[in-house]
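Some notes on the structure that comes next.
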Amino acid sequence: MFRYLPLMLFVALWQAVVDLGVVDRHFLPSFTQTVAALWELMQSGEIAWNLWVTTYRSLGGLAIGSLLGIVLGLLMATSLAADRFFAPLVATTYSLPKSSLIPLFILWFGVGDVTAMLTVVLACLLPVIVGTYQGVKAVPAITLWSARAMGTPAHVMLRRILLPAAMRSILTGVRLALGFCYVLTISAEMIAAKAGIGKLIFFYGESGSYPYMFGGLLAIMVVAYASDRLLIAGMDYLLRWDDSVHASAEHE
Amino acid sequence: MNSESSRGAKSIAAIKAALLYSYPLLLVLLAWEVAGYLELVRPLFLPDVGTVLSQFWTLLLSGEIVGPLVVSLLRAFAGLALAVIVGVVAALTMARSKWLRWALDPLISFAFPAPKIAFVPIFILWFGIGNTSKILLVAFTCVLPMLVATYHGATGVSQQTIWSAKAMGTSESKLLTRIIFPASLPYIFGGVRVTVPVALITAFTAEMIAGGGGLGGALMYAQRFFQTPTVFVYILVMLITGFVFDHFMLRLRSRWIPWQDDTDAA
């Protein structure tokens, strides 16, 4: 409780500066106004629908991008030919701001799910490829030789040795990608969209209904925070056998 | 004679290596060119490589690349500089003050995963669509990663070192400037390296959403008028910009902090 006191103090301060007239209500609606607006949007179902659109675009894109990234990362780490083919492409596209593709994708695919999700997939792909590649490459050669010497078939190697050993590094990449996925979906929705929380925030901002704009922003911040916590909980569960996680936790 | 031929062999090997490295990129270019040649896609959607390159040259000569690029870079780096100053000062203070740590920790952990780009309409409302709102949005996006990176460095100083310094009568301000700040420098640099691309992306994206000039604004303008070759040129410029700065930061690191290894370069 004591830990969360600063958050409450922050909200109280926010409420106070608006109510006491320090800040103009037209520039910053008070906390209660924002919550009331959010409540209104909830009752009309507007916020739920738009949040759902943004969430499935973000997390759907994240899931596709992560799966592709793991497959490509595994391929690159285990086959020299695949590495030689994909490494230059990864290196070249790594520093491209993925949001710059949004206008091009709008031209190609129109406004909507495909444009938003494809951008998210591309943005999530790279950190997961890098995470997987580094994780697999870090598996000690002796482990691989021993497994091979014992006649372990390739699919067992993959499932029992490579993936578990690389899991920590893969998940680090996925968490990085989670940070990108909401940003890119919202960017795409603010540039052009028919639905989504980015569109909602932008629309209410343009039309001057600021309490609703802040309400939408508050909603997406909560969703992004919850997604991050959920992913961390999932990571802890998947890595519960990994000593280094507990060791580092104790260290801190 | 001997060295001459070995130099020749070396340069042939270098060319071979470069070809081996870049063949996937050349394949992509080839596929792009063939698709245009066979008229698989309309040039409105995918102009051929030559058109894009000649458009690049035209725009370069007319200053339509350099002008917007300078605007975007100034915004990105002004915002980044602001974020570094605020982030480092806040982190160093947090590392030394229990109360500030208590007060800021929950706010930071709530704000950290938030998609900052969603604040664009609010920054427009508060600061307009010009430089101020973009610079502050970049600063807002970069300040938390900078703060967290610096804080890790500042709290990484061993307690023994701090105790020894205090036992020798080091004042709190000297402790900060002479021990904790230098010890955090590699972490601060690491933070800057991570946030340089973030600053660029945020500046470009904010311009794409809100207009107000810069590369992002120019890109959206070209898209709205279906000037597809220009769209490709601006995307290419953004790619090169990101690439150049990433490599610049890597070189800086190997010069300034050579003891840090290169494993996270990828």
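The values are calculated or read from the model by the stated rules, or taken from the named source; none is laboratory data. This is a predicted model, so every value here is computed, not measured. Because the Cβ atoms are built from the backbone with ideal geometry, glycine has one as well, and the counts that use them run over all protein chains shown. Accessible surface is based on the protein model in full, side chains and every heavy atom, while ligands, DNA and RNA are left aside. Shrake-Rupley method; radii C 1.70, N 1.55, O 1.52, S 1.80 Å.
A few comments on the model shown:
- Using a probe of 1.4 angstrom and keeping all protein chains present, the accessible surface of the range B:67-265 works out to 45 square angstrom per residue.
- Chain B: angle of helix B:98-111 to the longest principal axis, Cα-based, in degrees nearest 10: 20
- Solvent-accessible area lost in complex, 20 Å² minimum, residues of the range A:71-97 relative to chain alone, 1.4 Å: A:R84, A:F85, A:P88, A:L89, A:A91, A:T92, A:Y94, A:S95, A:L96, A:P97
- Here the calculated FRET efficiency for B:L19 and A:D83, from their Cβ-Cβ distance with R0 = 22 Å, stands at 0.85, rounded to the nearest 0.05.
- Chain A - accessible surface per residue (Å², probe 1.4 Å): 50
- Farthest positive-ward along the range A:46-238 dipole, Cα basis, beta-carbon charges - from A:S207, A:I64, A:S146: A:S146
- Residue-span extension gain [A:R160 to A:T92] - 0.36 nm each, minus C-alpha spacing: 21.2 nm
- Between A and B, accessible area buried - total, square angstrom, nearest 100, 1.4 angstrom probe: 4700
- Compared with the dominant principal axis of the Cα atoms in chain B, helix B:49-62 is inclined by about 60°.
- Share of Cα-Cα pairs in chain B lying beyond 24 Å, as whole percent: 63
- Taking all Cα pairs closer than 8 Å and separated by 6 or more residues, the relative contact order of chain A comes to 25 percent.
- Taking the longest Cα principal axis of chain B as reference, the axis of helix B:131-155 is set at about 50 degrees.
- Packing-based order for B:163-175, A:80-92, using average beta carbon neighbours within 10 Å, highest first: A:80-92, B:163-175
- Per-residue ellipticity at 222 nm computed for the protein assembly as shown from its helices equals -26500 deg cm²/dmol, with DSSP H segments shorter than 4 residues left out and the rest contributing -39,500 (n - 2.57).
- Protein-only accessible surface at a 1.4 angstrom probe places the residues A:D24, A:D242 in the order A:D24, A:D242, largest first.
- In whole angstrom, chain A maps to an equivalent ellipsoid with semi-axes of 42, 24, 13, each derived as √(5λ) from the alpha carbon gyration tensor and ordered largest first.
- Neighbouring partner chain Cβ atoms per residue of B:197-204, average, 10 Å criterion: 4
- Theoretical FRET efficiency, 1/(1+(r/R0)^6), r = Cβ-Cβ of A:L67 and A:T152, R0 30 Å, to 0.05: 0.80
- In order along the range B:231-238, the phi-based Karplus estimate (6.51 cos²θ - 1.76 cosθ + 1.60, θ = phi - 60°) of 3J(HN,Hα) comes to 4, 4, 4, 5, 4, 4, 4, 5 Hz; Gly and Pro are listed as x.
- Shielding of peptide A:194-206 by partners, expressed as the average count of other chain Cβ atoms within 10 Å per residue Cβ, is 2.
- Gap separating the Cα centres of the range B:46-104 and the range A:1-48, nearest whole Å: 31
- Simple label model, 7 Å out from Cα along Cβ direction - A:L176 to B:T177, nm: 3.7
- Using only side-chain charges placed at the Cβ, +1 for Lys and Arg and -1 for Asp and Glu, the dipole size of the range B:1-112 relative to its Cα centre rounds to 660 debye.
- Evaluated at q = 0.10, 0.17, 0.21 Å⁻¹, a Debye calculation over the C-alpha positions of the range A:30-128 (equal weights, vacuum) places log10 I(q)/I(0) at -0.42, -0.85, -1.04.
- Projecting the Cα positions of B:L59, B:P43, B:L26 onto the charge dipole of the range B:1-62 (unit charges on Cβ atoms of Lys, Arg, Asp and Glu, taken about the Cα centre) puts B:L26 furthest along the positive direction.
- For the range A:103-132, residues shielded by at least 30 square angstrom of accessible area compared with the chain on its own, probe 1.4 Å: A:P103, A:L104, A:L107, A:W108
- For the set A:K98/A:K199; A:K137/B:K10; B:K98/B:K174; A:K194/B:K134, the pairs lying more than 21 angstrom apart at their alpha carbons are A:K137/B:K10; A:K194/B:K134.
- For chain B, the fraction of 1.4 Å probe accessible surface lying on carbon and sulfur atoms is 71 percent.
- Highest average first, the peptides B:240-248, B:70-78, A:4-12 ordered by how many other beta carbon atoms sit within 10 Å of their residues are B:70-78, B:240-248, A:4-12.
- Packing around the peptides B:184-194, B:229-239, taken as the average count of other Cβ atoms within 10 Å per residue, puts them in this order, highest first: B:229-239, B:184-194.
- For the protein assembly as shown, projected area of the alpha-carbon convex hull averaged over all directions, nm²: 32.0
- The mean number of Cβ atoms from other chains found within 10 Å of a Cβ in peptide A:6-18 is 2, as a whole number.
- A:A36/A:M8 FRET efficiency (R0 22 Å; Cβ-Cβ; nearest 0.05): 0.75
- Length-normalised contact order for chain B - Cα pairs under 8 Å, 6+ apart - percent: 24
- Element breakdown for the range A:46-238 at a 1.4 angstrom probe: carbon and sulfur atoms account for 72% of the accessible area.
- Debye, to nearest 20: dipole size of chain A, +1 on Lys, Arg Cβ, -1 on Asp, Glu Cβ: 800
- Scalar couplings 3J(HN,Hα) for the range B:87-92, obtained by applying the Karplus form with A = 6.51, B = -1.76, C = 1.60 to θ = phi - 60°, are x, 5, 4, 4, 5, 5 Hz; x denotes Gly and Pro.
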